[in-house]
Amino acid sequence: MSRTIYFVASSIDGFIATPEHSLDWLLTRETDQNGPMGYGPFIEKVGAIAMGSATYEWIRRNLETWDYTVPTWVFTHRDLEGVSGADVRFTQDSVEVVHRLMKEAAGDRDLWVVGGGDLVGQFADHRLLDEIIVGYAPVTLGEGQPLLPRRLELRLLECAPNGELACARYEVLPTN
Ligand SMILES: NC(=O)c1ccc[n+]([C@@H]2O[C@H](COP(=O)([O-])OP(=O)(O)OC[C@H]3O[C@@H](n4cnc5c(N)ncnc54)[C@H](OP(=O)(O)O)[C@@H]3O)[C@@H](O)[C@H]2O)c1
């Protein structure tokens, strides 16, 4: 069954990037992509992706290639440049509409909401978030872009070390 998952790495005080959108605190960490809750097995099951424009712009600024082969929706109110040869769809539609389109594209595969935290919160506001998989890096940042600025009740499904990260998988519990 298709699940909507927030797969992310965070500082232990709950930030996914510095105030200046740097990931320097994360990119130096040793991890095993194919280890517990690693990126390798996760991405194999993903059939559609959503992200906010700051995350998209970080990827375009910092990575030489666009490695996603599945359709990707980028939420923005601006006119951003796409990626040649890639299925990138800029949108201002509601998360409910985009989630429906993602499910149609993904079939039985999972949906990955990459971030940032508030966009994931918008999916959660509409009860469209099923799971959170977070790898905690051994660092505090003190300030930055928040992991998930909402109050949600979660159930711990799994936790394990992966290299320097402490990884945990949670089910998002229904709210009243
Ligand atoms: N540590 C990790 O694993 C991880 C994972 C993901 C992201 N990150 C990083 O964390 C940072 C996240 O940045 P962020 O918190 O600013 O989040 P973001 O979600 O990437 O970008 C926020 C922007 O998305 C657009 N947006 C959000 N909701 C929208 C909606 N409903 N409709 C239309 N547009 C919408 C708006 O852009 P416009 O101004 O264009 O309208 C908004 O300013 C980035 O630096 C990213 O690289 C880290």
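Derivation of every value follows stated rules applied to the coordinates shown; laboratory data play no part. Values in this document were obtained by computation on a predicted structure and should not be read as measured data. Here Cβ is always computed from backbone atoms with ideal geometry, including for glycine, and neighbour counts include all displayed protein chains.
Which order do SER53, SER11 fall in if you start with the one that has the fewest other Cβ atoms within 10 Å?
Fewest-to-most ranking of SER53, SER11: SER53, SER11.
For the range 66-72, in order, what is each residue's ³J(HN,Hα) by Karplus, 6.51 cos²θ - 1.76 cosθ + 1.60 with θ = phi - 60°, in whole Hz (x at glycine and Pro)?
Couplings: 9, 8, 8, 9, 9, x, 10 Hz.
So what are the ³J(HN,Hα) numbers for the range 29-42, from phi and the Karplus equation (6.51, -1.76, 1.60; θ = phi - 60°), rounded to whole Hz, Gly and Pro as x?
6, 8, 9, 10, 4, 9, x, x, 6, x, 5, x, x, 5
For VAL46, what residues show an amide H to amide H distance below 5 Å, using hydrogens built from the backbone and excluding near sequence neighbours?
ASP110
Over the chain, what relative contact order in percent results from Cα pairs under 8 Å that are six or more residues apart?
Dividing the mean separation by the residue count of the chain yields 37 percent.
Based on the Cα gyration tensor of the range 84-176, what are the three equivalent ellipsoid semi-axes, each the root of five times an eigenvalue, rounded to whole Å and given largest first?
Semi-axes (√(5λ), whole Å): 25, 17, 15.
Calculate how many DSSP beta bridges within the chain are antiparallel, expressed in % of all such bridges and rounded to the nearest 5.
Antiparallel: roughly 45 percent of the beta bridges in the chain.
Can you put THR65, THR31 in order, fewest other beta carbons within 10 Å first?
THR65, THR31
Can you bin the range 137-176 into rounded, prolate or oblate? Criterion: square roots of the alpha carbon gyration tensor eigenvalues sorted a ≥ b ≥ c, rounded for a/c under 1.5, prolate for a/b above b/c, oblate for the rest.
Oblate, because a/c is 1.5 or more while a/b does not exceed b/c.
By what distance, in whole Å, do the Cα atoms of the chain stretch along each of the three principal axes, largest value first?
Result for the chain: principal-axis Cα extents of 40, 36, 30 Å.
Taking H placed 1.01 Å from N in the peptide plane, check which residues at least 5 places from GLY52 or on another chain put their amide H under 5 Å from its amide H.
PHE75, GLY115, GLY116
Apply the Karplus parameterisation 6.51 cos²θ - 1.76 cosθ + 1.60, with θ equal to phi minus 60°, to every residue of the range 9-25 and state each ³J(HN,Hα) to the nearest whole Hz, in sequence, with x for glycine and proline.
Working through the residues one at a time gives 10, 9, 6, 6, 9, x, 10, 9, 7, 6, x, 8, 6, 8, 10, 4, 6 Hz.
How large, in Å, is the range 1-105 by the Kirkwood hydrodynamic radius built from its alpha-carbon pairs?
15.4 Å
Report the Cα centroid-to-centroid distance between the range 88-128 and the range 52-68 in angstrom, as an integer.
That distance is 18 Å.
Can you list, bin by bin at 10 Å, the percent of alpha carbon pairs in the range 69-127, starting at 0?
P(r) for the range 69-127, in whole percents per bin: 20, 55, 24, 1.
Report the extension gain between CYS159 and MET1 in nm, rounded to one decimal, defined as 0.36 nm multiplied by the number of residues separating them, less their alpha carbon distance.
Going from the current span to full extension adds 54.7 nm.
In terms of modelled amide H atoms, which long-range or inter-chain residues lie less than 5 Å from the amide H of SER10?
Correct list: GLY135, TYR136, ALA137.
Using DSSP to define loop residues, name the GluC sites (Glu not before Pro) in the range 1-57 whose beta-carbon has at most 13 other beta-carbon atoms within 10 Å.
When the GluC sites (Glu not before Pro) of the range 1-57 are filtered for loop state and at most 13 Cβ neighbours within 10 Å, GLU20, GLU30 remain.
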